[in-house]
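The values are calculated or read from the model by the stated rules, or taken from the named source; none is laboratory data. What you see is a predicted model; the values in this text were computed from it and never measured. Using ideal geometry, Cβ is built from the backbone for each residue, glycine included, and neighbour counts are taken over all protein chains shown.
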Amino acid sequence: MSRTAELAESLDRLLGRVAAACRSAGRPLESVQLLPVTKFFPASDVDILYSLGRREFGESREQEAAAKIAAVTTPEPVRWHMIGRLQRNKARAVAGWAHVVHSVDSARLVRALDSATTDALAAGTRAEPLHVLLQVSLDGDPERGGVSAADLSALAELVSGTESLVLDGLMAIPPLGADPARAYENLADLHSRLLRTHPGATALSAGMSGDLEIAVKYGSTCVRVGTALLGTRPIN
Ligand SMILES: *Cc1c(COP(=O)(O)O)cnc(C)c1O
C-alpha cells in the first residue's frame, strides 16, 4: 500500500473514532480538533496529510520541528503547534514558527515567549500573537512538566497581562500508570474553574492515540494523535 493510501485509511479510522466519541459524549463534532503529531516522521508525511485536508500539526522538539517546517512543500502554509517540553532558551526559535504552544508551565517560560514574540512581531517575522495553553501537572511531579494546580491561576494571570501572548486554555498528559478517566475528570474541573476568571480560555488539549475517547468525554477540544495515525515511532 502507498503511504498516501495508508495515511488516508488511518485518518479515516481516527476521524471515525473522534466522531463516535463526540456522539457518545453528546457533543458537536466540530467541538473537537484532531491534531496530527508528526514527530519522528518526515516532512513528506506532512505533505500527504495536507493533501488529505489537514492544516494544523503538532511537534514536540524544537530542532526537529524547525528542520521539518523548512522541508514541507504544502501549497499554503500550515499551522504548527509546539506540544513538547520547552526550555526557555528555545523560546525565541519557537516564536519563529509556532502558532500555538501547548506546554507552557512556568513564569520564566511565559516571559521568554512573550519577549520573543514581541520582538518577532516588531521585526515582521511573525504576524500574529502567540497562542498558549498552560500545561497542568496532574500528579504534582515537577520533573514531568506542568504547572501545579495550586500555581495555575497565578500563571494564567501572568499570561493575560503579557503584550503578545493569548491564553487559549489548558493541556495535560495523564501521569504514567494513572487512570486516565480520573486524570481527565480532574483536568476538566481545573478547566471549569479557570473559565470563571478567563472565559476566553476555552481550549482543552487532552487525549492521545490510546485514550482520546475518555478525553473527549471529559471535554477535550483537541486530541493530539501520533501513533494511531502515523504508526509506531522508532523511539519515544
Ligand atoms: C507524542 C505526543 C503525543 C502523541 O502520542 P501518541 O500516543 O503517539 O498518539 C501527544 N502529546 C504529546 C505531548 C506528545 O509528545
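Helices (runs of 4 or more DSSP H) wholly in the stretch 43-121 with at least 3 residues that are modelled with pLDDT of 95 or more and surrounded by fewer than 22 Cβ atoms within 10 Å (Cβ to Cβ) - which ones?
So the answer is 43-51, 62-71.
Which residue pairs have Cβ atoms under 8 Å apart, sit 6 or more places apart or on different chains, and have a first residue in the stretch 25-37 that is modelled with pLDDT of 95 or more and in a strand (DSSP E or B) and a second that is within 15 Å of the ligand (Cβ to nearest atom) and of a type in the set (G, A, S)?
If the second residue must be within 15 Å of the ligand (Cβ to nearest atom) and of a type in the set (G, A, S), the pairs left are L35/G58; L35/S205; P36/G58; P36/G226; V37/G58; V37/S60; V37/G226.
Filter the stretch 122-148 for residues that are part of a helix (DSSP H, G or I) and modelled with pLDDT under 95 and give the result.
Residues satisfying the conditions are P142, E143, R144.
Name the residue that is farthest from L229 (Cα to Cα), counting only residues in the stretch 58-85 that are in contact with a helix residue (DSSP H, G or I) (Cβ under 6 Å, 6 or more places away or on another chain) and within 12 Å of the ligand (Cβ to nearest atom).
M82
So which residues in the stretch 27-42 are surrounded by fewer than 17 Cβ atoms within 10 Å (Cβ to Cβ) and farther than 18 Å from A203 by Cα, if there are any at all?
The one that is surrounded by fewer than 17 Cβ atoms within 10 Å (Cβ to Cβ) and farther than 18 Å from A203 by Cα: P42.
Quickly run through the stretch 139-150 and pick out the residues that are in contact with a helix residue (DSSP H, G or I) (Cβ under 9 Å, 6 or more places away or on another chain) and surrounded by fewer than 21 Cβ atoms within 10 Å (Cβ to Cβ).
Residues satisfying the conditions are D139, G140, S148, A149.
Could you please give the count of residues in the stretch 189-225 that are β-branched (V, I, T), away from the ligand (no atom under 16 Å from the Cβ) and in a helix (DSSP H, G or I)?
1
Could you figure out which of (1) in a helix (DSSP H, G or I); (2) within 14 Å of the ligand (Cβ to nearest atom); (3) surrounded by 22 or more Cβ atoms within 10 Å (Cβ to Cβ); (4) of a type outside the set (F, W, Y) isn't true of A228?
(3)
Looking only at residues in the stretch 159-178 that are more than 16 Å from the ligand (Cβ to nearest atom) and part of a strand (DSSP E or B), which one is surrounded by the fewest Cβ atoms within 10 Å (Cβ to Cβ)?
Narrowing the stretch 159-178 to residues more than 16 Å from the ligand (Cβ to nearest atom): 159-167.
Restricting the remaining residues to those that are part of a strand (DSSP E or B) gives 165-167.
Details: L165: 23, V166: 16, L167: 23.
Here the answer is V166.
What's the number of the only condition in (1) within 13 Å of the ligand (Cβ to nearest atom); (2) of a type in the set (A, V, I, L, M, F, W, C); (3) more than 18 Å from the chain's Cα centre (by Cα); (4) in a helix (DSSP H, G or I) that A181 fails to meet?
(1)
H131 passes all but one of (1) within 29 Å of S51 (Cα to Cα); (2) surrounded by 24 or more Cβ atoms within 10 Å (Cβ to Cβ); (3) not basic (K, R); which number fails?
(2) is the only condition that H131 fails.
All but one of (1) free of Cβ contacts under 8 Å to residues at least 24 places away in the same chain; (2) under 30 Å from A150 (Cα atoms) hold for S103, so report the exception by its number.
Just one mismatch for S103, condition (1).
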